[in-house]
Amino acid sequence: DCRQPAGIAGTNTSTDRSNGGSAASKAAVSDDGTLLTLRHQNLRAFSISLLSSSSISANLFASITTLDVGNNELTDLPGLSSLSNITNLILTRNWFNVLPTEIGTLSKLRRLDASRNFLRPNPTSLRFDDLRALSELRQLDLSYNQKCGRPHHRDLIQGEVPQLTDVRITVWEKICSHPGAYVGSSAAERDATLLRSQLEAWGTPQLRRRLVRDFGEKPTDPAAVDRSEVMRRLLRCYHREGLLELPVMTRSNDTHDDDQGEEDESSSRSGSNLNLNGGVGRRRTIQVRGTPVRQELLDKLLIELRSWRGDRTRGGSETHRERPSIKARCYVILRAPDANDRKLEGQVPDGSPTTAVSRRAQRVAKKMERNRRLWDMAMEVMTEVDPDFATRCTEMAVTFGFTGSPHIDKQNCGPFYGLALGDFAEGTGQVCVECSARVLATVDTKNRLGRIDGRYPHWVMPYDADEERFSLIYYETGGKFVAPGPAVFSLPT
């Protein structure tokens, strides 16, 4: 939830990034002065020292016992030592692969929530020496740090930091190996025509809500009903409504006694004895067409894309694809030359070191240098259709042979634009997106820019694999968060 917590009163949280607003002005303090929050502020780098020049006084600093910087993109937190009375530190949903440098100075810290980061169970990442020095520390939450997901990791951490009484981890091998939890290890391995594949992109909480809100089922207890059972019940609901079709009516058990005919017929209608994982989705589909692009621009862009394909130095090689969880023959992500400057604007003090950002920027710059002509041509197309989005676009995925792959783009802060080019047949290779539980939209992006919210499950419809299909996906990360919806933005044809 990106809304400001109840009971919070602070400075303006709607600072316009384009005006260089300081991230410090987005800080909020609870009414009793004990909670300082910078949650959901798109921070990639931030120093606590920035707050000293804001409206937060030194006396108020002393009263703060909880700091919440969750749901950002932070990798460190300089100046943390100035909040010496903190007992509760919340770092959840960031990019930490090492705990903050100054964590060892928080002598009163009792609870550390570092869940959903990129931490590892070793002395460097978890700073065991620093944590051992925190005599008051009792709880460490490392849940959903995938590298800290083995059963023995809890014992290892408690052995290194003996004062801990509560170490929380997510045991990944138990979740991922549970029979039926997922079909296919990634979107690339899933048949996009199957309803289960289309639903697989959703998290389990969303699937539970769908059972209740859309199909009127009773709420499920996560302790008693796991993901595989939630999916089974959901597919059964679709089957009952005729929105899931089984090409071959195969029962879970191959043989039945002759005298079970009447019972089997009833079970078939309800779907209770059927393996529904192979069922084809038959949800209502609306057709949408993107905005046409001037042919002259398309011709130039297609020539450039054909030049890019196969060029390993530019990311067009079939053997060095980025994002392997998506099924595509070629895949590379280009980042806007000024994207880092936009995200860091007002977030770090003048003169602060940004070594990590600079190294990443150097790699991005080299890739952009090799593809600058392609980027400029693609932005020329976008500028003619949506000049405002052209100034906000931070990344562009360039692909060849993208097929199927039902997925959700979790890092996007708003809708994306898609453009497809090549000799693939009209009426094929559209982008399909889920609009609601029972409705899909197919968006024709051939030689057109279609605007789609990728935070809903979406995939590419079938087309002839021997035909040529390039695609450009323009998107934004790290900007002002836009609430998801609608899934498509053009009127149906």
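Here are some notes:
- Dimensions (Å) - region 40-180, Cα atoms, principal axes, largest first: 54, 32, 22
- Ordering of 296-307, 418-429 by burial proxy (mean other Cβ atoms within 10 Å per residue, highest first): 418-429, 296-307
- Accessible area per residue, Å², region 55-125 with all protein chains present, probe 1.4 Å: 39
- Note: relative contact order over region 77-206, using C-alpha pairs below 8 Å and six or more positions apart, is 18 percent.
- Summarising the amide proton neighbourhood of Leu440: residues at separation of 5 or more, or on other chains, whose placed amide H is nearer than 5 Å comprise Arg284, Thr285, Ile286, Cys435.
- Sorted largest first, the spans of the alpha carbon positions of region 91-160 along the three principal axes are 28, 25, 19 Å.
- For q = 0.17, 0.26, 0.27 Å⁻¹, Debye-computed log10 I/I(0) when each Cα of region 29-110 counts as one equal scatterer: -0.62, -1.52, -1.61
- What a 1.4 Å probe finds exposed on region 421-493 is 57% carbon and sulfur by accessible area, rounded to a whole percent.
- The phi-based Karplus calculation (6.51 cos²θ - 1.76 cosθ + 1.60; θ = phi - 60°) puts the 3J(HN,Hα) values of region 325-336 at 6, 9, 7, 8, 6, 9, 7, 9, 10, 9, 10, 3 Hz, whole numbers, x for Gly and Pro.
- Descending semi-axes in Å of region 366-493, equivalent ellipsoid built from Cα gyration tensor: 21, 20, 13
- Accessible surface of region 19-161, 1.4 Å probe, proportion on carbon and sulfur as whole %: 45
- Relative packing of peptides 94-104, 395-405 - highest average C-beta neighbours within 10 Å first: 395-405, 94-104
- Separation between Cα centres of region 196-211 and region 71-141, rounded to whole Å: 33
- Enclosed volume per residue, in Å³, of the convex hull spanned by Cα atoms of region 111-254: 147
- What separates the Cα centres of region 271-330 and region 437-493 is a distance of 10 Å.
- What the Cα convex hull of region 198-248 gives, in volume per residue, is 84 Å³.
The values are calculated or read from the model by the stated rules, or taken from the named source; none is laboratory data. Just so it is clear, the model here is predicted, and its values are computed rather than measured. Reconstructed Cβ throughout: ideal geometry from the backbone, glycine too, with neighbour counts over all protein chains shown. The protein model used for the area step is the full one, side chains on, heavy atoms only, and it has no ligands, DNA or RNA in it. Shrake-Rupley method; radii C 1.70, N 1.55, O 1.52, S 1.80 Å.
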